[in-house]
1. Is it fair to say A:PRO52 is surrounded by 17 or more Cβ atoms within 10 Å (Cβ to Cβ), part of a loop (DSSP other than H, G, I, E, B) and within 19 Å of the chain's Cα centre (by Cα)?
2. Which condition breaks for B:THR81 when tested against (1) at the interface with chain A (Cβ under 10 Å from one of its Cβ atoms); (2) over 15 Å from B:ASP9 (Cβ atoms); (3) not aliphatic (A, V, I, L, M)?
3. When you go through A:ALA46, A:ALA80 one by one, which is the residue that is crowded, with 20+ Cβ neighbours inside 10 Å, small (Gly, Ala, Ser) and at pLDDT 95 or above?
4. Just to confirm my filter: which strands (runs of 3 or more DSSP E) fall fully inside the range B:77-149 and include at least 2 residues that are more than 16 Å from the chain's Cα centre (by Cα) and modelled with pLDDT of 95 or more?
5. So for the range A:125-137 (the condition being part of a strand (DSSP E or B), more than 19 Å from A:LEU14 (Cβ to Cβ), among the polar types (S, T, N, Q) and modelled with pLDDT of 95 or more), does at least one residue qualify?
6. Is it true that some residue in the range B:54-71 is part of a strand (DSSP E or B) and among the polar types (S, T, N, Q)?
7. State the number of residues belonging to the range B:19-53 that are surrounded by 14 or more Cβ atoms within 10 Å (Cβ to Cβ), touching a residue at least 12 places away in the same chain (Cβ under 8 Å) and assigned to a loop (DSSP other than H, G, I, E, B).
8. Say we look at the range B:1-18 and pick out the residues that are of a type in the set (Asp, Glu) and over 18 Å from the mean Cα position of the chain (by Cα); which of these is surrounded by the fewest Cβ atoms within 10 Å (Cβ to Cβ)?
Amino acid sequence: MVQPAKFYFEDVALHGVLETPAMTITEAHVTLYAGLTRDEPLEPGAVPEILPLCLTTGLGWRVPQPPLAVLAFMGFEWHALSPVRVGDTIFSRSKTVTKRSMKDGGVVIEEREVINQRGETVHKGKFTFLVAKRPAA
Amino acid sequence: MTDPRRFFDDIQVGEEYESPGRTVTETDIVIFAGLSGDYNILHTDAEFMKSSLFGERIAHGLLGLAIQAGLFTRATQPYATLAFVGLRWKFKGPIKIGDTIRVRAKVTAKKETSKGDRGVVTVERTVLNQRDEVVQEGETDLMVERRPA
């Protein structure tokens, strides 16, 4: 049986950059998100700031690279620089800025930007993941 | 009619709030996977997760973050929020199907901005489960309007 490929700690390139495909944020996304969480937009047409972040995690699965073998999403910091509106088309660009090997896995710190259709960075932040090492063959 | 929202001037450092609880269901996780496109097996493969460290599927970390954002709005009278500016966040433990989470929050700082009509309010937040275990915690910065003169 062929197991799906995974991207392990050893495969992560320091300073490697990954860009996702883009997607348009619609009223449907905002309505579904607000209904699920009760985190409402501040005004009609606004997009709650946590929603683009959530969508970039899904976009991250649509790149020509196997998914990172994440053992734990440890934490992150996030800055909303300018508003995202319904109808905006966003993608994300991430870059590995730190790799630290530990006994059972390794810590990977990634900088991520959310960029809109005008090329403006609207949100940005840093994510810390604990990533599995490649199992011994 | 008076504006029920709380302005920068009304909010005091040291104020504390606690939200109602909310039970996180399988449906929440399925909808969030569909909405976000994050179908990681941690959240979607019940069989695989039986043999994992957690023993079952767990909620997406960002789902927990988003649910606490909604719970916060039920913990206190609404702030006159202009924007969410940023956050620093840690995932401390899993949220499992059937767990009931709530948020405990405390205002830790207020900072006026160069624009005189608004300021940044920093709120420390702890997300607890039904056993009072901390599952997530962090700080959020909100841009809040000053009371109009």
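1. Details: surrounded by 17 or more Cβ atoms within 10 Å (Cβ to Cβ): yes; part of a loop (DSSP other than H, G, I, E, B): no; within 19 Å of the chain's Cα centre (by Cα): yes.
Criteria not met by A:PRO52.
2. (2)
3. Values: A:ALA46 fails: crowded, with 20+ Cβ neighbours inside 10 Å.
Result of the check over A:ALA46, A:ALA80: A:ALA80.
4. Working: elements: B:81-91, B:100-112, B:118-128, B:134-145.
Result: B:100-112, B:118-128, B:134-145.
5. No; the residues of the range A:125-137 include none that is part of a strand (DSSP E or B), more than 19 Å from A:LEU14 (Cβ to Cβ), among the polar types (S, T, N, Q) and modelled with pLDDT of 95 or more.
6. Filtering the range B:54-71 for residues part of a strand (DSSP E or B) gives B:58.
From the residues that got through so far, the ones that are among the polar types (S, T, N, Q) too are none.
Scanning the range B:54-71, I find no residue that is part of a strand (DSSP E or B) and among the polar types (S, T, N, Q), so the answer is no.
7. 5
8. Taking the range B:1-18 first, the residues of a type in the set (Asp, Glu) are B:3, B:9-10, B:15-16, B:18.
Keeping just the survivors that are over 18 Å from the mean Cα position of the chain (by Cα) gives B:3, B:9-10.
On the way: B:ASP3: 11, B:ASP9: 13, B:ASP10: 14.
Among them, the one singled out is B:ASP3.
The values are calculated or read from the model by the stated rules, or taken from the named source; none is laboratory data. All of these numbers come straight from a predicted model, not from anything done at the bench. FYI the Cβ positions are ideal-geometry reconstructions off the backbone, even for glycines, and counts take in every protein chain you see.
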